[in-house]
Amino acid sequence: MQDSLFQLLCCPYTKQPLRLQILSKKLKQFANCKIEIIEEAILFSDAGFIFPVIGGIPRMLLESIYDYEDFFLKHLPDYLVLKEQLEQKHADLLGFCKKKNKKTKQSFFIEWGFFKPHSNDRLWHDHIADLSGRFLQESDLRIDDLKGKSVIDVGSGHGVTTGKIANLSELVIGVELSRAVEEAYKRNNQTNAHFVQGDLLFLPFAGESFDLLYSSGVLHHTADTKKSLFAVENLVKKGGRICIWLYHPQDNKIHNAMLSIRKVTGKLPILLSFILLMVFVFPISFLVKKIKRKRELNYREEIIDILDMFTPEFRFEIAHDEAKKWLALLNYSNIKVTTTDQFGFSIIGRKANE
């Protein structure tokens, strides 16, 4: 974590400043320089929440006291006392976060573990070199539009798109719920790109902090897509822009059959679901696509497609008009769909200045 990132962070719950206890620093090699970063630290909230910085990444989940208990036991002598106090004060909130995030963290950590950009894996069948153009098309922006601008990538997953955005903007922060953020952080070599592990319902940033909020293929994987949109949009500055990509309904028998299957797989323990999918779904899907497309397929890309369809606990499809209504309710204008394909669409809007 660079010092400049700490200056932007706040308590995800109270939105108040955090107190930093640095445990260790190290030099990290970026593209053109080495910078001293905070490798390990503990962040303290006025509400009693504690968040670790591990491997240079702030872990800003409210339930971090459970996810990273070993770290706290090693570095925080009064951890057990602080944990008990926090549980007494926020038992319901902690229970809510643990329950809603557990399977989502597992499914996307496994999913993005198969993505190997250094092996020229494509992302949703797009070459990595094309991701900048895809981002600009989705957001309806030109290269010059992002100069001097700040961007938050909500649900950054693999982090490759976040890196592409860094080439175009002044600052970009990728936020990811799962520990897939660790590989994204390791791959990053740009000083203006930062990564945080966080929950989109409780993001660790003050309101109206970013010129653009970008979220591709994420909000529909939450328990309530509309609620999630309303939770994140407050980070957009007045006059700023939002760009989200969502699944839309398909009038397709095969697709509907797949949705029926995921009603079962989405409820199974993630490892059991993964095994069943690899045994019964992957071989058939891979063979059909190989014949249909008549080109060499990458098995990792196909596994990612299958996992994204069948393993997330939540997966909703939103009509274009419904998404437009949501943005209008949030006082956005210039709302329009910028891209659409078989699976989903991008929609943008500009936040009112007042």
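Here are the numbers for this structure:
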read-out: Karplus-derived HN-Hα couplings along the range 194-203 (A = 6.51, B = -1.76, C = 1.60, θ = phi - 60°), whole Hz, x at Gly and Pro; value: 10, 10, 9, 8, x, 9, 5, 7, 9, 7
read-out: For residue 205, distant residues with modelled amide H under 5 Å away; value: 10
read-out: Cleavage-rule hits (trypsin sites (Lys or Arg not before Pro)) in the range 179-282: DSSP loop, at most 12 neighbouring Cβ within 10 angstrom; value: 267
read-out: Candidate aspartates and glutamates for bridging to residue 34, where Cα separation is under 20 Å - those fewer than 8 sequence places away on the same chain excluded; value: 3, 170, 182, 183
read-out: 19 Å Cα-Cα threshold exceeded, pairs from 26/116; 149/351; 15/89; 164/351; 103/263; value: 26/116; 164/351
read-out: Estimated Rh, the chain: Kirkwood, alpha-carbon pairs, angstrom; value: 21.2 Å
read-out: Mean residue ellipticity (222 nm) of the chain, computed from DSSP H runs ≥ 4 via -39,500 (n - 2.57), nearest 500; value: -11500 deg cm²/dmol
read-out: Rg to Rh quotient for the range 253-310, alpha carbon positions, Kirkwood Rh; value: 0.98
read-out: Two-site label geometry, residue 2 and residue 130: point separation in nm, points 7 Å out along Cα→Cβ; value: 3.1 nm
read-out: Exposure proxy order (Cβ contacts within 10 Å, fewest to most) of 275, 173; value: 275, 173
read-out: Charge dipole (debye, nearest 20) of the range 3-99; +1 at Cβ of Lys and Arg, -1 at Cβ of Asp and Glu; value: 300 debye
read-out: The chain - charge dipole about Cα centre, Lys and Arg +1 at Cβ, Asp and Glu -1, debye rounded to 20; value: 700 debye
read-out: Inter-label distance for residue 33 and residue 333, nm, one decimal - labels placed 7 Å from Cα along Cα-to-Cβ; value: 4.0 nm
read-out: Under Karplus coefficients 6.51, -1.76 and 1.60, residue-wise ³J(HN,Hα) of the range 73-78 in Hz, glycine/proline x; value: 4, 7, 10, 10, x, 9
read-out: For the range 42-106 versus the range 287-341, the gap between their alpha-carbon centres in whole angstrom; value: 32 Å
read-out: Principal axis dimensions, largest first and in whole angstrom, of the range 211-354 by Cα; value: 55, 34, 26
read-out: Environment charge at residue 93 (Cβ cut-off 13 Å; Lys +1, Arg +1, Asp -1, Glu -1); value: 0
read-out: Sequence of 258, 1, 278, 309 once ranked by neighbouring C-beta atoms within 10 Å, starting from the fewest; value: 278, 258, 309, 1
read-out: Among the listed pairs 28/102; 237/324; 83/105; 226/336; 98/186; 99/290, those beyond 28 Å (Cα-Cα); value: 28/102; 99/290
read-out: Contact order relative to length of the range 3-99, as percent, for alpha carbon pairs under 8 angstrom and 6 or more apart; value: 18 percent
read-out: Cβ-based net charge around residue 201, under 15 Å, with every Lys or Arg adding one and every Asp or Glu removing one; value: +1
read-out: Vicinal HN-Hα couplings computed from phi for the range 298-309 (Karplus, 6.51 cos²θ - 1.76 cosθ + 1.60; Hz; Gly/Pro x); value: 9, 4, 5, 4, 5, 4, 4, 4, 5, 4, 5, 7
read-out: At R0 = 51 Å, FRET efficiency that the Cβ-Cβ distance of residue 288 and residue 145 yields, to 0.05; value: 0.80
read-out: Candidates 66, 214, 13, ranked by Gaussian network fluctuation over the chain, Cα under 10 Å, top entry; value: 66
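Since every read-out is calculated from the coordinates, none of them should be taken as a lab result. Predicted model only: the values in this text are computed from it and were never measured. Don't worry about glycine lacking a Cβ; one is built from the backbone with ideal geometry, like all the others, and counts go over all protein chains shown.
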